[in-house]
1. State whether the residues of the stretch 88-103 include one that is of a type outside the set (A, V, I, L, M, F, W, C), assigned by TED's automatic domain parsing to the domain that holds Thr188, in contact with a strand residue (DSSP E or B) (Cβ under 7 Å, 6 or more places away or on another chain) and within 16 Å of Phe160 (Cβ to Cβ).
2. I'm trying to understand the selection: among the residues of the stretch 190-233, which are among the aliphatic types (A, V, I, L, M) and in a loop (DSSP other than H, G, I, E, B)?
3. Does any residue of the stretch 88-101 turn out to be modelled with pLDDT under 95 and closer than 21 Å to Ile2 by Cα?
4. I'd like to verify a number: residues in the stretch 39-77 that are part of a loop (DSSP other than H, G, I, E, B), touching a residue at least 60 places away in the same chain (Cβ under 8 Å) and surrounded by fewer than 21 Cβ atoms within 10 Å (Cβ to Cβ), how many?
5. Val223 - would you say it is over 24 Å from Leu286 (Cβ atoms), in contact with a strand residue (DSSP E or B) (Cβ under 7 Å, 6 or more places away or on another chain) and outside the structural domain of Asp32 (by TED's automatic domain parsing)?
6. May I ask you to list the residues in the stretch 223-249 that are in contact with a helix residue (DSSP H, G or I) (Cβ under 7 Å, 6 or more places away or on another chain), without any contact (Cβ under 8 Å) to a residue 40 or more places away in the chain and surrounded by fewer than 17 Cβ atoms within 10 Å (Cβ to Cβ)?
7. Being in contact with a His (Cβ under 8 Å, 6 or more places away or on another chain) and assigned to a strand (DSSP E or B) is true for just one of Leu263, Leu286. Which residue is that?
8. Could you say whether any residue in the stretch 201-214 is surrounded by 13 or more Cβ atoms within 10 Å (Cβ to Cβ), on the phi > 0 side of the Ramachandran plot and at pLDDT 90 or above?
Amino acid sequence: MIEVRGLTKQYGTPSRAHGSSAVRAVDDLTFDVQPGKVTGFLGPNGAGKSTTMRMLLGLDRPTAGSALVGGRPFARLGEPLRAAGALLDAQAVHPGRSGRDHLRVAARANGIPLRRVDAVIEQVGLGAAAKRRVKGYSLGMRQRLGIAGALLGDPAVLLFDEPMNGLDLDGVRWVRALVRRLADEGRTVLLSSHLMSEMEQTADHLVIIGRGRLIADAPITEVMGGQHANRRVRVRTPSPDDLAGALLRRGFRVHPTGDGDLLVEGAPAETVGDVALELGVAVHRLAEQTSSLEEVYLGLTGDSVQYGATEPAELTGQGVR
């Protein structure tokens, strides 16, 4: 299990004379990552996800708190690659080495049999490129090599930071199946990604942070059923004006869509159907819809976005073309 308790990382030091120059990348963060589950680790850019992962792996030292893997700091593990594997930066590879040599160096440094190198190369689909120098690899190939490095020690704990970045559709589906299988084997999987559709299909549990602080720590079903979820009914009828008027009079919110349907908020499908029956209007389609993970996530993190772009309309008349 991964255990994070009061984890804090501050860069710089406060100054009374000139104001504070300190930046808290991670602020009193506490959560667990359980074995047998895929835990999605979400947050806007600059939220502190990568910094948290680096502290878990002993690459950054916490200002306060602790980050434990299997009950111990990663730096104190006797055989770290056998305990935890990680992909944090697919570009952090010597470009002059071949993919196989990169993995062989890691295996020798950690007492891992060299036969394991060929096994993970085949597992990630890099067999045809294993002897080529990494500088000729695409980003997707480097991602696969990084995943191979994470799997090298056959660890019980795995941390993946944006593993789908640069992968084609087939590669994305492969990563989805891989992390699902690893969790089903009883391993602990922490997965950071901005691909909400993939996270919705893959994760069992979500840890969401913003500006270094915890926003949500719950099963994905609970997050998607929370206060930021929006349940709607989509209905199609040849008498949309009549049905919309009747629903509005009952206090429900109704929005026409571009394809002729009505979106009804605040009423279950049964109620919409009953209102249509009372009016004597035909219904050609009636279906309940729930918010996607992307919509719920944006609702949860809206106040935590540090790097938001200005809408193009706001630039009109300011000399921007």
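The values are calculated or read from the model by the stated rules, or taken from the named source; none is laboratory data. Given the structure is predicted, the values throughout are model-derived calculations rather than measurements. FYI the Cβ positions are ideal-geometry reconstructions off the backbone, even for glycines, and counts take in every protein chain you see.
1. Checking the stretch 88-103: not a single residue is of a type outside the set (A, V, I, L, M, F, W, C), assigned by TED's automatic domain parsing to the domain that holds Thr188, in contact with a strand residue (DSSP E or B) (Cβ under 7 Å, 6 or more places away or on another chain) and within 16 Å of Phe160 (Cβ to Cβ).
2. Across the stretch 190-233, the qualifying residues are Leu195, Ala203, Ala229.
3. Taking every residue of the stretch 88-101 in turn, at least one turns out to be modelled with pLDDT under 95 and closer than 21 Å to Ile2 by Cα.
4. Applying the first criterion (part of a loop (DSSP other than H, G, I, E, B)) to the stretch 39-77 yields 43-48, 57-63, 70-71, 73, 77.
Cutting the leftovers down to touching a residue at least 60 places away in the same chain (Cβ under 8 Å) gives us 43-48, 57, 70-71.
Next, from what is left, pick out any that are surrounded by fewer than 21 Cβ atoms within 10 Å (Cβ to Cβ): 45-46, 57, 70-71.
Residues flagged as part of a loop (DSSP other than H, G, I, E, B), touching a residue at least 60 places away in the same chain (Cβ under 8 Å) and surrounded by fewer than 21 Cβ atoms within 10 Å (Cβ to Cβ) within the stretch 39-77 amount to 5.
5. Values: over 24 Å from Leu286 (Cβ atoms): yes; in contact with a strand residue (DSSP E or B) (Cβ under 7 Å, 6 or more places away or on another chain): yes; outside the structural domain of Asp32 (by TED's automatic domain parsing): yes.
When the stated conditions are applied, Val223 passes them.
6. The one that is in contact with a helix residue (DSSP H, G or I) (Cβ under 7 Å, 6 or more places away or on another chain), without any contact (Cβ under 8 Å) to a residue 40 or more places away in the chain and surrounded by fewer than 17 Cβ atoms within 10 Å (Cβ to Cβ): Asp242.
7. Leu263
8. yes
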